[in-house]
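Student: Handing you this structure, nothing more for now.
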Amino acid sequence: MREDLAGQAARYAAEVRDLRERFERAKKTGVLPEGIKEKAVQLSAQLNRLLVQALPVYRSRHLDDPGLPAVLTPVLRDLKDLAESDLPAHEKQLIGELALAEGWPELPDIPDADGFDAGRYNGETFYGCVRGDVSAFVFGDEGDVLLFEKNQDRWQCREQPVLTSCFADGAVMESDSACLIKNLDGGVDRISYSRMDSAGKLAKAPLF
C-alpha cells in the first residue's frame, strides 16, 4: 500500500533529524562520515517531491485565504490598436482570438464544483465562463468574478469573489492563473492571481 503524504512527510522529518545529529557529531570529531553528502542530496530531492505532491493539497485548503484575490490590469486600450501595439506575439494572438469572439456562449461552461451554490450570491446570474484544465473564471451580471480551481482531481469554488465591479464582453485563458477579458470600453484587461504553482513557492510559504 502506498504511503500517504503525511506518512512520507513524517519519515522525511525523521531522516532530517538523523542527518542533523550526524552532522553535529561530525563537527565534534572533525571527520565527515561516509555517505553523509549523498544523503543530504537525496533528502533535498525527497523534499522537492513532497512539495510537488503537497501543492494541490495546499491550494485546496487555502483557496479562501484573504490574500488570494485577483488583480485587474490594463493590457490594450482599444482593440483597434492591436496591430500597431508592441505586445508580445503570443498576447497578440490571444487578443486576436478575443476580438473575433462574439460575446459569450448562451450556456456558460461553469465547472461542476463541490458545494457551489449560485444562490449564495444574492440572485446574481453568472453569464460567462472561461476555463482551462485546472482553473476557471466565472462572471456575474452584478460584476462579481468567481475563481474555480481543480485540486486533487475535483473542482472547487472560492467562496468570495476574487473581483467585484468587473464586467466583460468575452474572455480567453492566458495561463493557469490569468485570463484576458474584453472590457465594455472596447479594450483588453488581464485578470490574474497568485496561484501556488511550484515547489519553490510552497517552500517559501508560511505554513504555520
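Quick note: the coordinates plus some simple rules give every number you see, no bench work behind them. All figures in this text were calculated on a predicted structure; none of them were measured in a lab. Because the Cβ atoms are built from the backbone with ideal geometry, glycine has one as well, and the counts that use them run over all protein chains shown.
Student: Summing Lys, Arg as +1 and Asp, Glu as -1, what charge do residues with Cβ under 10 Å from the Cβ of T73 carry, T73 excluded?
Tutor: 0
Student: Output the relative contact order of the chain, whole-number percent, from Cα pairs under 8 angstrom with separation of 6+ residues.
Tutor: Rounded, it is 22 percent for the chain.
Student: Let me ask something additional. Report D for the chain in µm² per second (integer): Stokes-Einstein, Kirkwood Rh on Cα pairs, 25 °C, 0.890 mPa s.
Tutor: The diffusion coefficient I find is 122 µm²/s.
Student: From the mean inverse distance of alpha carbon pairs (Kirkwood) and the Cα radius of gyration, derive Rg over Rh for region 73-126.
Tutor: Value, to two decimals: 1.15.
Student: Which one of L98, L82, L32 has the biggest mean-square fluctuation once the chain is modelled by GNM with Cα springs under 10 Å?
Tutor: L32
Student: Turning to a different aspect of this structure: In the chain, what % of DSSP beta bridges are antiparallel (nearest 5)?
Tutor: 95
Student: Now for a separate question. Modelled label-to-label distance, T125 and E159, 7 Å Cα→beta-carbon offset: nm?
Tutor: Distance between the two pseudo-spin positions: 2.8 nm.
Student: While we're here: Starting at the first residue of region 121-130, write each ³J(HN,Hα) from the Karplus equation 6.51 cos²θ - 1.76 cosθ + 1.60 with θ = phi - 60°, in whole Hz, x for Gly and Pro.
Tutor: 9, 6, x, 5, 9, 9, 9, x, 8, 10
Student: Once the Cβ-Cβ distance between D4 and A40 is put in as r, and R0 is 30 Å, what FRET efficiency do you end up with, to the nearest 0.05?
Tutor: The value I calculate is 0.75.
Student: A further question on this structure: Tell me, what ³J(HN,Hα) does each residue in region 133-143 have, in order and in whole Hz, if you take phi through Karplus 6.51 cos²θ - 1.76 cosθ + 1.60 with θ = phi - 60° and put x for Gly and Pro?
Tutor: With coefficients 6.51, -1.76 and 1.60, one gets 6, 10, 8, 8, 10, 10, 10, x, 6, 9, x Hz.
Student: Only helical DSSP H runs with n ≥ 4 go in: add -39500 (n - 2.57) per run for the chain, normalise by residue count and round the 222 nm mean residue ellipticity to 500 deg cm²/dmol.
Tutor: -11500 deg cm²/dmol
Student: What is the P(r) of region 71-193, as percent of Cα-Cα pairs per 10 Å bin from 0?
Tutor: Final binned percentages: 13, 47, 31, 9, 1.
Student: For a footprinting-style exposure proxy, rank L184, L68 by other Cβ within 10 Å, fewest first.
Tutor: L184, L68
Student: Shifting gears a bit: Tell me, what HN-Hα J-couplings in whole Hz come from the Karplus equation 6.51 cos²θ - 1.76 cosθ + 1.60 at θ = phi - 60° for each residue of region 43-49, using x for Gly and Pro?
Tutor: 5, 4, 5, 5, 4, 4, 5
Student: What residue among G140, G115, G30 shows peak mean-square fluctuation when the chain is described by a Gaussian network model with Cα springs under 10 Å?
Tutor: G30
Student: Where is the GNM fluctuation largest for the chain (alpha-carbon springs, 10 angstrom cutoff): N183, N122, N151?
Tutor: With Cα springs under 10 Å in the chain, the top fluctuation among N183, N122, N151 is at N122.
Student: For region 5-62, count the residues as N, evaluate 2.2 N^0.38 Å, and divide the Cα radius of gyration by that value, please.
Tutor: 1.40
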